[in-house]
Amino acid sequence: MHGMINRAIERFVRDTYGRNAWGLITARAELDFAEFEAMLSYDDHVTEDVLGAACDVLNKPREALLEDIGTYLVSHPNVEALRRLLRFGGVDFHEFLHSLDDLPERARLAVPDLTLPDMELREHGATTYSLICRGGHPGFGHVITGLLRTMADDYGALVLLEHKGRREASEIIEVHLLTSAHAAGRAFELSVGAA
């Protein structure tokens, strides 16, 4: 597993629950280090051990933990760069959804050895979609569900999301876009220092 993914789990725990919780998780996972290096790769079992330990220490079901990580990735000030990258996907949530097909390629432009599952958006009508995440680590769809829920709020859209489970090597997320203009979205400017 790429170190950036493990580092994201670490930062989520530390920023949300504190360093003590992270210390309990690393001890329970029997890691012989305290922090992940973002540019290294780790055996998949290390990620599994950390996620299992986090579920135990934080007393959270795995699906809820993964969705919370997805929410964190686009809402916490310490990871604002990812939110900015995703907002370039479109001027509204509808356009953003259609940009998800290209997300793994855009990620590879930034980090060539980072492999994300392939994503395919299927439109079933003007407001109903399914997002298929193929391959990758089991549970990635729950991370995407949290990310989508938070990005909908970011755009001011009202959506219903449901993770439909894993079938073979794919996870399916059902998306119902109830309205694109439910509330005022978060401010977004193209340049970082824009006022």
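So here's what we get for this one:
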quantity: Evaluation of Asp101 against (1) modelled with pLDDT under 95; (2) of a type in the set (D, E, K, R); (3) farther than 23 Å from His176 by Cβ (one fails), failing number; calculated: (3)
quantity: Entirely in region 52-110, the helices (runs of 4 or more DSSP H) that have 2 or more residues that are surrounded by 13 or more Cβ atoms within 10 Å (Cβ to Cβ) and in contact (Cβ under 8 Å) with a residue 24 or more places away in the chain; calculated: 62-75, 80-87, 93-99
quantity: Among (1) assigned to a helix (DSSP H, G or I); (2) over 16 Å from the mean Cα position of the chain (by Cα); (3) free of Cβ contacts under 8 Å to residues at least 40 places away in the same chain - the single one Arg7 does not satisfy; calculated: (2)
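The values are calculated or read from the model by the stated rules, or taken from the named source; none is laboratory data. Since we're looking at a predicted model, the values are computed, not measured. All Cβ positions, even for glycine, are placed from backbone atoms using ideal geometry, and neighbour counts span all protein chains on display.
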